[in-house]
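Engineer: Let me begin by handing over the structure; questions about it come next.
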Amino acid sequence: MSGAADARGFWAALGLPGIVDVHTHFMPERVLRKVWAYFDSEGPLVGRSWPIAYRHDEDERVRILREFGVIAFTSMIYPHKPGMADWLNAWAARFAARVPECLRTATLYPEDGAAAYVKAAVASGARIFKAHPQVGDYDPGDPLLDEAWGVLADAGVPVVVHCGSGPVPGRFTGPAPMARLLARHPRLRVVVAHMGMPEYAEFLTLAERYEGVLLDTTMAFTDFSEETAPFDRRELGRLKDLGERVLLGTDFPNIPYPYAHQLHCLERLELGDEWLRGVCHGNAVREFGLDDREAGLEGREVGPEGREVGPGGGGPFSQGIHREP
């Protein structure tokens, strides 16, 4: 399964130089194999059949994302017990050093020393963090994390948090724990993974209340997720209004359908090309301060939405494949 032409056709039609995916998983191979085995066994946090679409070795997965035209992505890592986070952060730093498209990713867990390793990761260049209260089975408001959250809030480094109750509720999932955390750290930049599935409306409310709350699209709106956690179309107006704070995420490689399906599901929301350009490129460029090389804009003449407005750069852009907003 590849679908590169489908994925590239999507962003080329928007006049983009590629797409930015803020929710992709790269982690040590033995850890990832255990994650895949958990999905294969339909573990209690999965709850249904979930075939992995891109079950390849690491180099092949990087190659596939490049083939799709994903010009920046992440290595979402997460610990499930004490003593893992610092080790995972070291691995992710090495991965980002050898894969230039990867936004260096780090993680955290409620344990002694969390603030110290979070501070060290930020100081040495981490650009995004991942927190997984569902898998880690911890309250994001745990006092052991309080100083670490303060470090991230002060640094303005965003944290992708799996805080919604999908696919299966955990002890600390849902909007209430995050609302308490944000009340204590209102400047924290939280990226709500999976749009907060299935509590979409409640997490939209948190985003409306706190300027630092963003949402990623990971698996939301897809046929797979709509079967069990449908998005209420009456909320589309709110989603459009928050368009500058919505980021493309996919969960690659751990998805049970082709990569481009996520892209077309965003398209069929019919929120407009400007909204899609922001979600798939411009918002992440702004949020992470991507330079022209990282954003795929080096040597191109672009308009305010990241669209190519003149010849040059080769590929689909020089062929004039554009859609008007």
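The values are calculated or read from the model by the stated rules, or taken from the named source; none is laboratory data. Owing to the predicted nature of the structure, the values given are computational and were not obtained by experimental measurement. For neighbour counting, all protein chains shown are included, and Cβ atoms are generated from backbone atoms with ideal geometry for every residue, glycine included. Surface areas here come from the heavy atoms of the whole protein model, side chains and all, with no ligands, DNA or RNA. Shrake-Rupley method; radii C 1.70, N 1.55, O 1.52, S 1.80 Å.
Engineer: State all residues of the stretch 47-70 that are among the acidic types (Asp, Glu) and either surrounded by 23 or more Cβ atoms within 10 Å (Cβ to Cβ) or in contact (Cβ under 8 Å) with a residue 40 or more places away in the chain (or both); if no residue qualifies, say none. So that I can check it myself, show each step before the final result.
Structural biologist: Of all residues in the stretch 47-70, those among the acidic types (Asp, Glu) come to 57-60, 67.
Listed by number, the list holds a single entry, Glu67.
Engineer: Another question, if that's okay. Need pairs with beta-carbon distance below 6 Å; first residue closer than 16 Å to Leu88 by Cβ and within the stretch 121-141, second in a helix (DSSP H, G or I); sequence gap 6+ or separate chains.
Structural biologist: Ala121/Asn89; Val122/Ala155; Arg127/Phe288
Engineer: Condition first: open to solvent by 10 Å² or more (accessible area, probe 1.4 Å) and part of a loop (DSSP other than H, G, I, E, B). Now tell me which residues in the stretch 167-180 satisfy that.
Structural biologist: Pro167, Val168, Pro169, Gly170, Arg171, Phe172, Thr173
Engineer: Could you please let me know if Val22 is of a type in the set (Val, Ile, Thr), open to solvent by 10 Å² or more (accessible area, probe 1.4 Å) and under 25 Å from Ser165 (Cα atoms)?
Structural biologist: Values: of a type in the set (Val, Ile, Thr): yes; open to solvent by 10 Å² or more (accessible area, probe 1.4 Å): no; under 25 Å from Ser165 (Cα atoms): yes.
So Val22 fails the test.
Engineer: Which one of these is open to solvent by less than 10 Å² (accessible area, probe 1.4 Å) and either assigned to a loop (DSSP other than H, G, I, E, B) or out of contact with any Leu (no Cβ under 7 Å at 6 or more places or on another chain) (or both): Pro230, Pro253? Walk me through it before giving the result.
Structural biologist: Details: Pro230 fails: open to solvent by less than 10 Å² (accessible area, probe 1.4 Å).
Exactly one residue qualifies, and that residue is Pro253.
Engineer: Can you name every residue in the stretch 256-288 that is closer than 23 Å to His25 by Cβ and either open to solvent by 20 Å² or more (accessible area, probe 1.4 Å) or aromatic (Phe, Trp, Tyr) (or both)? Explain how you work it out, then say what you get.
Structural biologist: Going through the stretch 256-288, the residues closer than 23 Å to His25 by Cβ turn out to be 256-266, 279-281, 283-285, 287-288.
Hits for the stretch 256-288 are Pro256, Tyr257, Pro258, Tyr259, His261, His264, Val285, Glu287, Phe288.
Engineer: Any residue that is surrounded by fewer than 19 Cβ atoms within 10 Å (Cβ to Cβ), modelled with pLDDT of 95 or more and more than 25 Å from Gly3 (Cα to Cα) - is there at least one of those in the stretch 300-322? Step through it out loud before you land on a result.
Structural biologist: Of all residues in the stretch 300-322, those surrounded by fewer than 19 Cβ atoms within 10 Å (Cβ to Cβ) come to 301, 303-305, 309-315, 318-322.
Then drop every residue that is not modelled with pLDDT of 95 or more, which leaves none.
No, every residue in the stretch 300-322 fails to be surrounded by fewer than 19 Cβ atoms within 10 Å (Cβ to Cβ), modelled with pLDDT of 95 or more and more than 25 Å from Gly3 (Cα to Cα).
Engineer: What tally of residues in the stretch 140-161 results from selecting those that are open to solvent by 10 Å² or more (accessible area, probe 1.4 Å), in a loop (DSSP other than H, G, I, E, B) and under 20 Å from Ala123 (Cβ atoms)?
Structural biologist: Here the count works out to 2.
Engineer: Which of the residues that make up the stretch 110-137 are open to solvent by 10 Å² or more (accessible area, probe 1.4 Å) and more than 20 Å from the chain's Cα centre (by Cα)?
Structural biologist: Pro110, Glu111, Asp112, Gly113, Ala115, Ala116, Tyr117, Lys119, Ala120, Ala123, Ser124, Asp137
Engineer: Separate question: Report, ordered by the first and then the second residue, all pairs with beta carbons closer than 6 Å, sequence separation of six or more or different chains, a first member in the stretch 71-98 that is farther than 23 Å from Leu248 by Cβ, and a second member that is open to solvent by 20 Å² or more (accessible area, probe 1.4 Å) and part of a helix (DSSP H, G or I).
Structural biologist: Pairs found: His80/Val135; Asp86/Tyr117.
Engineer: Right, another one. Cβ-Cβ under 7 Å, sequence separation 6+ or interchain: first residue in the stretch 167-188 and at positive phi, partner crowded, with 21+ Cβ neighbours inside 10 Å. Which pairs?
Structural biologist: Once the first residue is at positive phi and sits in the stretch 167-188, its partners that are crowded, with 21+ Cβ neighbours inside 10 Å give Gly174/Glu199.
Engineer: Within the bounds of the stretch 3-20, is there any residue that is of a type in the set (D, E, K, R) and within 20 Å of the chain's Cα centre (by Cα)? Let's see the steps before the verdict.
Structural biologist: Within the stretch 3-20, the subset of a type in the set (D, E, K, R) is 6, 8.
Applying the additional criterion that residues be within 20 Å of the chain's Cα centre (by Cα) yields 8.
Yes, some residue in the stretch 3-20 is of a type in the set (D, E, K, R) and within 20 Å of the chain's Cα centre (by Cα).
Engineer: Exactly one condition in (1) within 28 Å of Asp6 (Cα to Cα); (2) touching a strand residue (DSSP E or B) at 6+ places or on another chain (Cβ under 8 Å); (3) open to solvent by 10 Å² or more (accessible area, probe 1.4 Å) is false for Tyr78; which is it?
Structural biologist: Only one criterion in (1) within 28 Å of Asp6 (Cα to Cα); (2) touching a strand residue (DSSP E or B) at 6+ places or on another chain (Cβ under 8 Å); (3) open to solvent by 10 Å² or more (accessible area, probe 1.4 Å) is unmet by Tyr78, namely (1).
Engineer: In the stretch 117-136, what residues are out of contact with any Pro (no Cβ under 8 Å at 6 or more places or on another chain), under 28 Å from Arg171 (Cβ atoms) and of a type in the set (Gly, Ala, Ser)?
Structural biologist: Residues satisfying the conditions are Ala121, Ala126.
Engineer: Looking at Phe221, is it modelled with pLDDT of 95 or more and open to solvent by less than 10 Å² (accessible area, probe 1.4 Å)? Lay out the reasoning, then the answer.
Structural biologist: Working: modelled with pLDDT of 95 or more: yes; open to solvent by less than 10 Å² (accessible area, probe 1.4 Å): yes.
Considered against the rule, which asks whether it is modelled with pLDDT of 95 or more and open to solvent by less than 10 Å² (accessible area, probe 1.4 Å), Phe221 comes out as yes.
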